[in-house]
Amino acid sequence: MTKACAEIVQRDDPHLYATALFAPEPARSHLMVLYAFDCELSRAVRASKDSMIPRMRLQWWRDILEEAVAGAKPKAHDVAEPLARLFRLPVFAPGLEPAPFLAMVDGYEAELDAPFAAQGFTQWARRRFGGRIAAALALLGLQRHVSERLAVIADQVGIILAVGFALRTAKPRAMVNAPVLVPGLQGSQLADAARGRLSPTLQRNLISVGAMAREAYGGLKQDYAPLQRTLRPAVLPIYRELRVANRILADDFQWDSLADPDRPFDGLRLAIRAMTRRW
């Protein structure tokens with residue numbers, strides 16, 4: 001089952017898959033289950049333009065989590081079954097916390113209500129991405145007695161991931177009239193984004209969002225540096241999204257530079273980041 005999870009992550013998010021490879025076993029397999037769960041949630045919100053169907057699928061995952069915590073027999077599903085088994089592993093005695101997993105579901109559901117104002121964007125970031133980071137840190141061994149530190153790191157990383165994701169998906173979403181996740185984009189700004197035109201108003205908005213990632217990273221550097229090496233794979237996904245934020249803030253920014261900042265995938269550069277913690 002965990003092999004199926006790894007295959008899902010490798011197919012749907014190769015960059016995220018690569019970051020998990022830096023974790024030792026069995027934590028690596030645990031991360032693959034978490035990331036496959038994230039991929040399934042992402043697929044759920046894309047299931048239909050009618051938001052009712054995605055909401056029903058997200059509720060199904062909430063039920064899976066509640067059943068897992070209650071100790072019910074897991075459903076025969078490539079992701080649901082190994083996900084349920086995570087909550088039974090003795091290493092997490094007296095139990096893995098379900099809160100970050102449920103936060104991920106809430107974050108994806110909030111995405112169905114985009115576009116966001118600034119406050120809504122921050123809440124979405126902390127749930128969808130911050131929840132995933134908190135779960136990943138727990139799976140890598142960060143214990144509950146440092147939960148306050150975990151929450152701070154998860155929030156900071158969540159903001160960085162959300163900013164990068166929102167910025168690099170803004171143009172393709174605008175082109176197909178899908179909800180754009182960058183906060184504050186509306187009216188003529190959406191039309192400009194769809195055309196790849198960088199109007200002064202749109203540029204100011206994008207820069208302000210990119211600055212959110214830069215600010216979050218400033219705080220993260222102090223909290224991240226002392227992390228044990230075994231915990232660092234959870235934070236590695238910021239590598240791609242920080243590159244996106246930095247491109248937004250560059251004087252020569254062009255829309256096309258955001259399309260896919262990691263194509264072709266540069267595993268060597270990611271490995272250097274993993275070892276040096278320099279982004």
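The values are calculated or read from the model by the stated rules, or taken from the named source; none is laboratory data. A quick note: this is a predicted structure, and the numbers were derived from the prediction, not measured. Here Cβ is always computed from backbone atoms with ideal geometry, including for glycine, and neighbour counts include all displayed protein chains. Surface areas here come from the heavy atoms of the whole protein model, side chains and all, with no ligands, DNA or RNA. Shrake-Rupley method; radii C 1.70, N 1.55, O 1.52, S 1.80 Å.
Quick look at the numbers
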read-out: Percent RCO, i.e. relative contact order, over the chain, from Cα pairs under 8 Å lying at least 6 residues apart; value: 17
read-out: Among GLY130, MET104, ILE160 - extreme Cα towards positive end, dipole of region 82-205, charges at beta-carbon; value: ILE160
read-out: Separation between Cα centres of region 139-203 and region 86-137, rounded to whole Å; value: 15
read-out: Difference of contour (0.36 nm per residue) and Cα-Cα distance, ALA151 to MET56; value: 31.3 nm
read-out: Theoretical ellipticity at 222 nm over the chain - DSSP helices of four or more residues, -39500 (n - 2.57) apiece, nearest 500; value: -21500 deg cm²/dmol
read-out: Of all accessible heavy-atom area on the chain, the percent that carbon and sulfur account for (1.4 Å); value: 53
read-out: 0 to 90° range, to nearest 10: angle between helix 52-70 axis and the chain longest Cα axis; value: 30
read-out: Dipole moment magnitude, nearest 20 debye, the chain about Cα centre, only Lys, Arg, Asp, Glu C-beta charged; value: 420
read-out: Linear extension gain, ASP251 paired with ARG214, 0.36 nm per residue minus alpha-carbon span; value: 11.8 nm
read-out: Gain in span if fully extended, GLN119 to ASP12, counting 0.36 nm per residue against the direct Cα distance; value: 35.6 nm
read-out: Residue-normalised accessible area of the chain, expressed per residue, 1.4 Å probe, Å²; value: 47
